[in-house]
Amino acid sequence: MKKLFTIVALAFCALTINAQTTLSFYEVKAAGSLDGQTLSNTENNYTLSLTITDTKGKVSIDENNARFGTPESYVSFDHRLKSGGKSSSANSMSLTIPADGDLLVYARTASSSATNRNLVLTQNDEELYNKVVQDAEAKSFTTDDGKTSKVFPVISVPVKQGTVDIAYPNGALNFYGFTFKDKAATGITKTLKAETAKDNATYNLAGQRLNKDSKGVVIRNGKKFINK
């Protein structure tokens, strides 16, 4: 029964997953090679781009494993972008946001003793986020293979289409990735749950009404199940 629920839950989550794109880092880049570069990823018709300014040649990408989310649900990364120092006119980053939605930032300090390294996100001269990033906020948990690991919190902020400036004025931060979620994705999921809870009609995961005998993963009265 547990396995069946997992399959259904994953299928239902496809609504949200299909309306997002994640920019992460897959190859090592030596310090001094990233100034003026724009790293991007296109997924589900959205392009998320990161532009790097690094005139002092300190930004780099190396291999490093980290998990972000919660012990129950997390995403794993195997590379990180090291900012190489605090942000300034010589060291800065900006993200091009494809539409209105939410921006998820996966960042940490890689130092349990660092208590003043804040992340500042700004768009159109409006400060969206300004808080200290602390590795001490990570939660420990046991993985499926019995090992103890840590999962770091995800930073989430609402954003508009355009450019988000990324600053770290008090010290270096390590970025493992960024995810953009279309604002409409959350609305679709919420609406689908609300509407299907009102009647005995049968719907697919896209919210389309079906014949009650339709096979596969369906939703009826707000509940998901496999109709065989």
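The table for this structure:
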read-out: Backbone HN-Hα couplings from phi across the stretch 74-90 [Karplus 6.51/-1.76/1.60, Hz, Gly and Pro as x]; value: 8, 10, 10, 10, 10, 9, 9, 9, 8, 5, x, x, 6, 6, 6, 5, 9
read-out: Accessible area expressed per residue, the stretch 41-127, with surrounding protein chains retained (probe 1.4 Å, Å²); value: 48
read-out: Surface share of carbon and sulfur [accessible, 1.4 angstrom probe, percent] for the stretch 61-150; value: 38
read-out: Å³ per residue enclosed by the Cα convex hull of the stretch 56-175; value: 112
read-out: Rg(Cα) / (2.2 N^0.38 Å) computed for the stretch 31-116, rounded to two decimals; value: 1.21
read-out: Among the listed pairs K131/K181; K58/K160; K29/K56; K131/K183, those beyond 26 Å (Cα-Cα); value: K58/K160
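The values are calculated or read from the model by the stated rules, or taken from the named source; none is laboratory data. Note that the structure is a prediction, hence the values are computed from the model and not measured. SASA here: full protein model, heavy atoms, side chains in, ligands and nucleic acids out. Shrake-Rupley method; radii C 1.70, N 1.55, O 1.52, S 1.80 Å.
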